[in-house]
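Read-outs: derived from the displayed coordinates by stated rules, not from any lab. Computed from a predicted model, the values in this text were never measured in an experiment. FYI the Cβ positions are ideal-geometry reconstructions off the backbone, even for glycines, and counts take in every protein chain you see.
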There are 2 protein chains.
Amino acid sequence: MGAPLISKDEVLNRLTRVFRENGYGATLSQLSQNTGLQRASLYHYFPGGKEEMATAVVERSNAVLEREIIAPLHGTGSPSERLRAMMRSVDRYFAGGTESCLLGSLTHTPGTHRFESHIKAGFTAWIDAIASVLTEAGLTRRTARVRAQNAVFAIEGALLVCHGIGDTKPFRRMLRELPEQMTAVELSAA
Amino acid sequence: MGAPLISKDEVLNRLTRVFRENGYGATLSQLSQNTGLQRASLYHYFPGGKEEMATAVVERSNAVLEREIIAPLHGTGSPSERLRAMMRSVDRYFAGGTESCLLGSLTHTPGTHRFESHIKAGFTAWIDAIASVLTEAGLTRRTARVRAQNAVFAIEGALLVCHGIGDTKPFRRMLRELPEQMTAVELSAA
DNA sequence: GTCTATACACCGATAGAC
DNA sequence: GTCTATCGGTGTATAGAC
């Protein structure tokens, strides 16, 4: 013993999986089993215990959100192409609706006041990036902001409800339909 | 001692509050504190322990959903009036976005496989009732179903995200805007 | 860097007095 | 119908050997 069994990055990957499924209610036993490390070894990597593990996970997760989901919004192509690219990333990130959102899981779990700022930062960055693209697409600032919020609500709600009813199809349908709805021209008093 | 301090219905009210906030992660200490009853007294009402408490709470909660939120959809008035009535009920039920959804909280909490059927039943009944009204409003069955799903996704997602970012205003905005969006005429290839 | 062993609090649940 | 007292199990966290 003494030689590291897996890299710290791989440890974080596995911790993330557990926190995504269980929120802050994840237990050290689960985290230990899923990493293959004993509890005491986890404390070697994270002396601050579960709180430090969750903090590391949510910070890295927000970085992934930035890189995998937000960055495509600032890429090349038309606004609606970039929105479709984001939806593909979202579909991949949530494994077609089978995997949960870490921020959502943490929001629901008790004892997560310590992560409030991370949760808020993640959701806000996502909404802001979408709003920026929609502004670029010609929508007013206010409409862009409203539709960006609605899009994130739709994704998070679909994820939750589809998990609850045990059917991921409506989640994927939603992802397909969203870009067109978001960029549609406004109807004044239909 | 011996005389009941509060009615069983009031016990259920208080248990519901705790389960809504904490999901199945609610502890007997919390349930005891919020009811004013000692743990052992809770076992008098619910010999099956926490599982029986949660079952009673979710079953009653689904009955409330049926009575307070679904029933207005089958009332009098035009379809869009009934949708607006439902949104008012939803706003009241979630206290303007400050209170959580029991079904949502249970969905996210570990150890809730026992409530899967209740969760699915609640969400499904809600979606079906909305779809029925939208069909009545002249939408095709398929469009009605899709928009009903989207409406519940939007409500649940807004509830979650608004809780995460600590601002309930987008939730209430969403409730105001939803009825018009749901009943709008379809645009073919905008 | 990994492990075994352990400390101590809280968990859900039960026994039994009044 | 309420309570105090207590059980066994598991929770997070730590000590210390190798």
Taking only the Cα atoms of the protein assembly as shown, how large is their convex hull per residue, in Å³? 144
Give me the distance in nm between label points sitting 7 Å out from Cα along the Cα-to-Cβ direction at B:TYR93 and B:GLN38, one decimal. 3.8
Taking each residue in A:8-19, count the Cβ atoms of any other chain within 10 Å of its Cβ, then average. What number comes out? 0
For segment B:87-147, the Cα convex hull volume per residue in Å³ comes to 95
Put the label 7 Å from Cα along Cα→Cβ for A:THR55; what are its distances to the other copies, in nanometres, shortest first? 4.2
If one takes the longest principal axis of the Cα atoms in chain A, at what angle in degrees, from 0 to 90 and to the nearest 10, does the Cα axis of helix A:116-136 lie? 30
Under the definition of partner shielding as Cβ atoms of other protein chains within 10 Å of a residue Cβ, what is the mean value for peptide A:174-181? 2
Starting from 0 in steps of 10 Å, tell me what percent of the Cα-Cα pairs of segment B:58-183 lands in each bin. 13, 45, 35, 7, 0
Net charge of Cβ neighbours under 13 Å - reference B:LEU73; Lys, Arg +1; Asp, Glu -1: -1
Answer in debye to the nearest 20: the dipole magnitude of segment B:58-183 about its Cα centre, from +1 Lys/Arg and -1 Asp/Glu charges placed on Cβ, is 160
List the distances, in nm to one decimal, from the label point of B:GLN33 to the label points of the same position in every other copy, shortest first, placing each label point 7 Å from Cα along the Cα-to-Cβ direction. 2.9
For residues of A:105-114, the mean tally of beta carbons on other chains within 10 Å: 5
What residue of chain B sits with its beta carbon nearest the rotation axis taking B to A, and at what distance in whole Å? B:GLY157, 1
